[in-house]
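Where a number appears in this text, it was derived from the coordinates with a stated rule and is not lab data. Treat the numbers as computed from the prediction; the structure is a model and nothing was measured. We place every Cβ from the backbone using ideal geometry, glycine too, and count neighbours over all the protein chains shown.
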C-alpha cells in the first residue's frame, strides 16, 4: 500500500483529495475518542484475554476518515501525531477496508485511498486506532454502496478489535466479553472533561501484562479462578443516567483512599510513574476526579463545567507534566458520515 504523512496544517496534493487517476468521489466519516469511565478487568481466561466490564463514554475529540476510489490501495495521514501512526498493514483502518471488501466478495476489485485526519491522541488510551477502523468501515460501505447492516458492521468491528464496536456506536455503553459486547447506556446530561496527553505511548498488552504481574505479586493470583467476575458499579451507572458530575466523580475515584474505577491504572502508573504527577496537578487545579484513560498514558479529568475545564487545562499545561491538555464533552455521537 502506498503511504504518505502530512503534519498538522500542511497541505498535501495527494493527501485527502484524489490523486492521479483517482475518481473524485470521497466519503468522509467523523469518529469520536472515548474515555473508560470504568474499566473492571477480570482474570486471564484460557484464551489469553481478560473479561471486562467496560463503561465507555464517547467524547468530542474526533478523527476524520475519508475514502476515495483509487487505482491502487493507498493510506495517507495528517495531523499533529501523524508521525506515530503505522502506515503498513497493521493499521486498523487498512484492515477494516479489507475486511469489508472480503465480507462482500470484492477482493481487490475496488481499491481505495484512505486518508486519516488525526485529532485523537495517538497511543493514548482513547481508542484512536479503533475509531479509524470504525470510520473506514462506514466510509467504504458508503463509497462502495455495499449497504452493510448495522449488526454486520458491528460484527466486523468486533473481529478487528475490542474497542472498535463502541467507536461505531458512540454515546455511552457497557462493554462485556473483551469489551465488544455492547449494551447502550442512558446518559442524563453533558459531562466536561480535560485530557492530559503524555509524551510517548504505552503498549496496551504491556499494561495488561503488568496488571497480571501486580496481581500475582500481591498474592491474589491473576487467572479467572483468582479474580472475581468484573461488574459495572451501580453508583457509576446511576450517575451517568442522572447526569450528576459530582456523583460520577465519587464513583470514578472514591474518597478515603479508595481505588480508581480503572483496574489498569496501577499498572499504567507502575510502567509510567510520572503519570502520578499529572493526576495530582489536575486534581490540585480543581478537577472533580482524575484517572488514567484506559491503558494510558492519557489522564482524564472530570470537571464541574466548561469554565472549570478551561482552568484545569491551563493548570495542567503550566505544570509541565503533560505534552498538551485537551478539553472535550461527552457523550458524543458515534461514527457519522459528514461528507
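Sorted from longest to shortest, the spans of the Cα atoms of the stretch 101-253 along the three principal axes equal 54, 38, 34 Å.
Shape verdict for the stretch 193-263, please, from the Cα gyration tensor: rounded (a/c under 1.5), prolate (a/b greater than b/c) or oblate. Oblate. Inverting the pair-averaged 1/r between distinct Cα atoms of the stretch 228-306 gives 13.1 Å as its Kirkwood hydrodynamic radius. The overall shape of the stretch 58-171 is oblate: from the C-alpha gyration tensor, with semi-axes ordered a ≥ b ≥ c, the ratio a/c is 1.5 or greater and a/b is no larger than b/c. Its Cα gyration tensor gives the chain an equivalent ellipsoid; the semi-axes, largest first and in whole Å, are 33, 22, 18. By the equivalent-ellipsoid construction on the alpha carbon gyration tensor, the stretch 191-330 comes out with semi-axes of 26, 20, 11 Å, ordered largest to smallest.
Between residue 104 and residue 206, the FRET efficiency from the beta-carbon distance, with R0 = 30 Å, is close to 0.25.
When the Gaussian network model of the chain links Cα atoms closer than 10 Å, the mean-square fluctuations of 328, 313, 235 top out at 235.
Looking at the stretch 46-89, what % of the alpha carbon pairs are farther apart than 12 Å? Distances greater than 12 Å cover 78 percent of the Cα pairs. The simple Förster model, with R0 at 25 Å and r as the Cβ-Cβ distance, assigns residue 244 and residue 314 a FRET efficiency of 0.45.
Taking label points 7 Å from Cα along the Cα-to-Cβ direction, residue 229 and residue 214 give a separation of 2.5 nm.
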